[in-house]
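The values are calculated or read from the model by the stated rules, or taken from the named source; none is laboratory data. These numbers were taken from a predicted model, which means no experiment stands behind them. Ideal geometry is used to build each Cβ from the backbone, glycine not excepted, and the neighbour counts take in all protein chains shown. For accessibility, only protein heavy atoms count, side chains too; no ligands or nucleic acids. Shrake-Rupley method; radii C 1.70, N 1.55, O 1.52, S 1.80 Å.
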Amino acid sequence: ELVDARFALEPHICRLVVLAATERDLLKIEQLLRRMENWGGNTEAFAEADEAFHFMLAEVTRNPLLIWMIQKVADVRSHAQWAQMRSLTLSDSMIAGYNREHSAIFDAIRAREPERAAQAMKDHLAAARDSLMKAAQT
């Protein structure tokens with residue numbers, strides 16, 4: 001359910017970020033990418049930076065309703081059940097993949113290519129969904 005909601009919201013958020021992002025916004029997003037890349041084996045630190053990255057994208061839209069919706073997504077991600085699933089899925093290789101996907105999202109945003117940014121987000125969410133589905137089957 002959470003991933004379905006994210007599929008409905010986040011690709012379009014990426015399109016809006018392409019239109020709205022200032023250079024300062026891009027620097028902030030890039031700093032969050034660096035935090036995720038420098039996670040140092042601490043999955044909690046990675047998860048916090050990951051959540052901040054997705055929330056920052058919503059903030060850059062400057063759309064209060066989208067920001068509120070993404071905050072609700074973050075609220076669900078803070079539940080114990082989600083934390084348990086995260087502990088099952090956040091391996092070193094999965095985090096490396098997520099970092100590549102986040103970079104692809106950012107590269108498309110920085111290049112001001114809204115459809116490529118939306119597709120990169122869809123690809124990222126599909127990978128997350130696949131990981132969660134595999135973990136749920138174990």
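Cα gyration tensor of the range 1-72, axes a ≥ b ≥ c as square roots of the eigenvalues: rounded (a/c below 1.5), prolate (a/b > b/c) or oblate? Spell out each step's value before the answer.
Numbers: a/c = 2.34, a/b = 1.25, b/c = 1.88.
Oblate, since a/c reaches 1.5 and b/c is not below a/b.
Okay, helix-only estimate at 222 nm for the chain: each DSSP H run of n ≥ 4 adds -39500 (n - 2.57), divide by all residues, round to 500 deg cm²/dmol; what do you get?
On the way: 7 runs with 120 residues, N = 138.
Mean residue ellipticity, 222 nm, calculated: -29000 deg cm²/dmol.
Carbon and sulfur together cover what percent of the accessible area of the chain at a 1.4 Å probe radius?
Details: 3950 of 7360 Å².
Whole-percent figure for carbon plus sulfur exposure: 54.
Using a probe radius of 1.4 Å on heavy atoms only, what accessible surface per residue do you get for the range 1-123? Whole Å² is fine. Mind showing how you got there, number by number?
On the way: 6460 Å² over 123 residues.
Result: 52 Å² of accessible area for each residue.
May I ask you to list the aspartates and glutamates whose Cα is less than 17 Å away from that of K122, ignoring any residue fewer than eight positions away on the same chain?
Within the straight-line cut-off, K122 pairs with E1, D4, E10, D50, E51, E101, D107, E113, D130.
For the chain, build the charge dipole from Cβ charges (+1 Lys, Arg; -1 Asp, Glu) around the Cα centre, then report which of Q137, V73, V60 sits farthest towards its positive end.
V60
Which longest run of the chain has no exposed loop site in it, a site being trypsin sites (Lys or Arg not before Pro) in a DSSP loop with at most 15 other beta carbons within 10 Å, and the site itself not part of the run?
Values: sites that count: R62, R112.
Counting at most 15 other Cβ atoms within 10 Å as exposed, the longest clean stretch of the chain is 1-61.
If you wrap a convex hull around the alpha carbons of the range 1-123, what volume per residue comes out, as a whole number of Å³? Working shown, then result.
Numbers: hull volume 11.0 nm³, N = 123.
About 90 Å³ per residue, rounded to a whole number.
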